Structures are given as C-alpha cells and as structure tokens.
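Note sheet for the following structure.
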Amino acid sequence: MNTVHIIGAGLAGLSCALKCQNAQKRVVIYEASPQAGGRCRSYFDTELDLLIDNGSHILLGGNSETLSYLNQIGSQDLITEIRPAKFPFLNIKDNNYWEITPPNILSTNWWKNKNFNMPKIKLKDFMLLLKLGLAGRNVTVRDIFSENHPLYPILLDPICKAALNTAAVDASALLLWQFLKNTLFKGEKACRPMIFENGLSPTLIDPTLQYLQKGSAKVLFQTRIKKILYEDKKVKGLNFSDRNFSIQPNDAVVLAVPPDTCSELYPELNLKLQTLPIVNVHFRINKNITLPGNNLFLGLIGSKSQWIFIRDKLLSVTISSAKSIVSMPNKELAQMIWDEIQYICKINQKTPPPWRVIKEKKATIAQTPIALDGRPMVQTLVDNLFIAGDWTNTGLPATIEGSILSGNIAANEVIQKIK
Ligand SMILES: Cc1cc2nc3c(=O)[nH]c(=O)nc-3n(C[C@H](O)[C@H](O)[C@H](O)COP(=O)(O)OP(=O)(O)OC[C@H]3O[C@@H](n4cnc5c(N)ncnc54)[C@H](O)[C@@H]3O)c2cc1C
C-alpha cells in the first residue's frame, strides 16, 4: 500500500488524513508541536485553572464541510447550535442593544423583519449587499460601501473582521460575497451560530486523533520537518533534525503548514501573502456574571473588544485584525479590556480577575484583493507534492471551513494520484 505523508496536524492536515485513511491509504502525520490542532487548539491554563482555547472560534450552519467532518468524528453533539439564528450586538457608545435574527428566506418572515432588527437600517440598504456579488477581483468592501453607509460600522466592518480577519477598508469584496452566499443569503439555518462550549480540542481535534488511531494512521509529534529533499521533480525524503524519512516512488506528500513554512519547504511557490493578528483575552470569572441579553456571545460596536464569549467560569474577548493593539504589553491590554467588560457586564471590580492574553500574530492571511491571486492551488510542479491549508485557493475565507475543505481537496488529488 502507498503511504500519504502529511506535514502539519492542523485541521487541513487532519481532514486530509481522515479522507485518505477512509480511502484505505496508509497515513503518517508529522507535527512540529507536541499537540495537534495548530491555530485551533485548547490547553489547560494553570494560571486560570481552566481549559481554554487559543482563541474563541465560531462556526455557522452553512459550514457544510465542517458539519460533515464533525459527523464523521462523532462530535456533532458537542457543539452548541443557537437556534433560531441570533446575533446579539451592543453599541457601547449609546448602549443600544439589538439582535440580528436572519429570517428563513422562504417564509413571509423575511418581509416582516424588514430591517433584520438593526438600528436605522432599511431593506434597501440590505439590497446593496448584492453589489458585492458583482465586484471585480481587485475591489475592497470599502470601495463599494463608503464608511458613512449605515451598514458599514454596525455590520460590514464587524463581519469583515470576524469572517475575514481583515477590516472592511482592505477586505476583498468577492471573498465577503462568497461568505455571505453560503450563510446570510441561504437563510436562517445557514446562519445559526455554533459554539464550542466544550473547547476546540475536545470537539474538533482529540476525536479526530482517536478516529485516526483506530485506523492505521501514525501521528509523530515534535517532528518539525526542516527540509524536503527533491530529485527529478519528486519528493525523495523529509529531513527532521539529523535523520531523513525516505519517501517511496509511489508515496505522496501533503504540505499542510502555514504559508511561511510552506515557502521554506517548497521555495518555488514564491508566496507573497501577508498575515494579520488576532488577540484573545481570557478571564476567569464568577459564575454569576452574565452578558447583556443573557447570551453566550455578544458582538460589540464602539469598543476595542469585538466579541465576548462566556462559558461557565471563562469569559473570553476576541479582537480580530488586531494590528493596532498586538504590541501592547499584556498587562495593559488585559486592564483595558477588563475596563470595557466591567462596563458591559456591570461588574464593580476595577482589578481584573486572573487573565491570559493570547496573541496569534499570524492568525490568518490578510484577505485582501491582492491575496486572492496569491493563494496557490493544491497541485504543485512536483509530481508527488500537494498543498493544503486555509490560505490556499479554496474560494472561501481562511477559516475552519476553508481549512477542512482544502484538506479534502488535497486528499481527493492524492487518492487519484496514488491509486
Ligand atoms: C485566534 C483565532 C481565532 C479564529 N477564529 C475563527 C473562527 O471563529 N471561525 C473559523 O472558522 N476560523 C477561525 N480561525 C481560523 C482557523 O483557526 C484556521 O483557519 C484553521 O485552524 C487553520 O488550519 P490549518 O490546518 O490550515 O493551519 P494550522 O492550524 O496553522 O496548521 C498547521 C500545522 O502545521 C504545523 N507545522 C508548521 N510547520 C511545521 C513543520 N515544519 N513540520 C511539521 N509541522 C509543522 C503547525 O504546528 C500546525 O499544527 C481563527 C484563528 C485564530 C488564530
């Protein structure tokens, strides 16, 4: 049997491994760190005495690749689906609170709910979203909607930051359209938020490893591939410290690593993709603290904090496209965010409770018009080498859905190739 060698145990590598194993291929995964999950992982934080995620993640009902992945690993019941779909927001400048409740587009609700419950928005403003679908490849969201448009500060910029990790001023209009097409424009069910109340690793990663280990897949942790050995347009070996893993003529190699590592291991790629940070601040809180509207998460307008998530004794704040704060000292950052939380949750406690700041400096690629042309396809010029990752050319934003799709695409290519 031929072997599929997968470098990187993030979601792209893991989804590729699942599919290859299901197709009766032998799978070996090489992972640099001591744990799987990459940019989507949990760990036990001794300071907080809690299991926390590197950053709060959210899925939407329209993420079909991810939902079928969850079904396959048996985790579908571990996620919390908010039904009917609801996105609560608070503008901390005027204390205005509203809930966006995407309607079922086939029902008469659609017309009753004319402004989606958003302040000062009319149906005709929403209709302008259709313009995104006509945008060229080099158009940003701000090129279509000016910053003065009523949807810009309360919907477009927050969605661009949440879904593309890129502010609307720089975000690709086409990519936003792609996102909306699979969610908002499909109606209520495709918009249902899904939250990881049990944590990312227990839901998405650990069950995958168990599934893989029940088959014959091997996962080698703390195995950072330093170099790929090429000969005659074929991968012949993988270099790890002072040893080489040899690659047989009918084996395939999938590079499921972030773009900078991919360029080092496969320099012909000549990538020019920029990345942007996401900052998360986690607090250990008393169980009696609640969010306005008693929600599990809340979108914020007019503050540094963009989203708050609450589960049991953990309150987590997400700031995407976080260039302006990523180099702030952690203590200052935690205090600044806690000051906002105190106000939002009406807590009378100036000193933050135990906190942890996690800065993912290269959280995702900047999802700009330029990046659209820089995202490579799965195939390479090397006969038995393939690429996967949220940053590859999936047509989707760089998210869980994109990374799982990329792993599936790579697996299909590999399965064809090494029949
Ligand atoms: C803070 C944060 C919040 C996010 N929020 C959301 C969200 O709400 N919803 C959503 O859908 N997406 C979200 N994302 C995006 C999502 O996490 C990513 O799209 C996804 O995890 C990327 O998976 P990947 O497999 O493509 O890459 P990675 O997770 O980066 O996996 C690459 C793996 O390769 C390993 N590796 C690197 N170099 C080597 C080497 N030389 N040898 C061996 N192994 C190597 C790495 O250790 C890593 O495990 C968020 C990301 C972050 C950081």
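Would you kindly state how much longer the chain becomes between Lys417 and Gln210 on full extension, computed as 0.36 nm times their sequence separation minus their alpha carbon distance, in nm to one decimal?
So the extension gain works out to 71.8 nm.
What's the Kirkwood radius of the stretch 188-322 in Å, using all Cα pairs?
Values: mean 1/r = 0.0513 Å⁻¹.
About 19.5 Å for the stretch 188-322.
Could you pull the accessible area for His149 with a 1.4 Å probe, rounded to 10 Å²?
30
Give me a comma-separated list of calculated 3J(HN,Hα) values for the stretch 83-88, in order, Karplus coefficients 6.51, -1.76, 1.60 applied at θ = phi - 60°, integers in Hz, x for any Gly or Pro.
Coupling constants for the stretch 83-88: 10, x, 4, 8, 10, x Hz.
What whole-number distance in Å separates the alpha-carbon centres of the stretch 248-276 and the stretch 159-196?
Going from one Cα centre to the other spans 27 Å.
Please work out how much accessible surface Ile154 shows to a 1.4 Å probe, ignoring ligands, DNA and RNA, in Å² rounded to 10.
Accessible area, nearest 10 Å²: 20 Å².
For the pairs Lys189/Lys417; Lys161/Lys214; Lys236/Lys417; Lys272/Lys323; Lys313/Lys361, note any where the Cα-Cα span goes beyond 28 Å.
Correct reply: Lys189/Lys417; Lys161/Lys214.
Quick one: what do you get for the chain if you divide its Cα Rg by 2.2 N^0.38 Å?
1.00
What residue among Gly133, Ile341, Pro376 has its Cα farthest toward the positive end of the dipole of the chain, where the charges are +1 on Lys, Arg and -1 on Asp, Glu, each on the Cβ?
Gly133
On full extension of the chain, what length is gained from Phe44 through Lys331, given 0.36 nm per residue of separation minus the C-alpha to C-alpha distance?
Extra length available between Phe44 and Lys331 comes to 101.3 nm.
Calculate one ³J(HN,Hα) per residue across the stretch 241-251 by plugging θ = phi - 60° into the Karplus curve 6.51 cos²θ - 1.76 cosθ + 1.60, and present them in order as whole Hz with x for glycine and proline.
Taking θ as phi minus 60°, the curve returns 6, 9, 10, 10, 8, 8, 10, 6, x, 9, 7 Hz for the stretch 241-251.
Pop out the ³J(HN,Hα) list for the stretch 131-144 in order, Karplus 6.51 cos²θ - 1.76 cosθ + 1.60 with θ = phi - 60°, rounded to Hz; leave Gly and Pro as x.
Per residue, the Karplus-derived 3J(HN,Hα) values read 4, 4, x, 9, 5, x, 5, 9, 9, 9, 5, 5, 5, 9 Hz.
With a 10 Å radius around each residue's Cβ, average the other Cβ atoms per peptide and rank 167-178, 43-54, highest first.
167-178, 43-54
To the nearest 10 square angstrom, what accessible area does Lys236 show with a 1.4 Å probe?
My reading of the accessible area for Lys236 is about 90 Å².
Give me the distance between the Cα centres of the stretch 324-350 and the stretch 1-69, rounded to whole Å.
31
Show me the ranking of peptides 360-368, 330-338 by mean Cβ neighbours inside 10 Å, starting with the highest.
Going by the mean number of other Cβ atoms within 10 Å, highest first, we get 360-368, 330-338.
Please sort through the DSSP H helices of the chain and keep those with an alpha-carbon extent of at least 15 Å along the long axis and a Kyte-Doolittle average not below 0.5. Present the calculation step by step, with values, prior to reporting the outcome.
Working: long enough: 11-22 (16 Å, 0.66); 330-344 (21 Å, -0.41); 400-417 (26 Å, 0.32).
Membrane-span-like by this criterion, though nothing is claimed about a membrane: 11-22.
Rounded to two decimals, what is Rg over Rh for the stretch 269-419 when you use alpha-carbon atoms and the Kirkwood radius?
Radius of gyration over Kirkwood radius for the stretch 269-419 works out to 1.11.
At 1.4 Å probe size, with the rest of the protein present, what percent of the exposed accessible area of the stretch 167-323 is carbon and sulfur atoms?
Working: 3210 of 6920 Å².
Carbon and sulfur atoms account for 46 percent of the accessible area of the stretch 167-323.
The values are calculated or read from the model by the stated rules, or taken from the named source; none is laboratory data. Everything numeric in this text was worked out from a predicted model, so none of it was measured. Every residue, glycine as well, gets a Cβ built from its backbone with ideal geometry; the counts of neighbours run over all protein chains shown. Areas reflect the complete protein model, heavy atoms only, side chains present, ligands, DNA and RNA absent. Shrake-Rupley method; radii C 1.70, N 1.55, O 1.52, S 1.80 Å.
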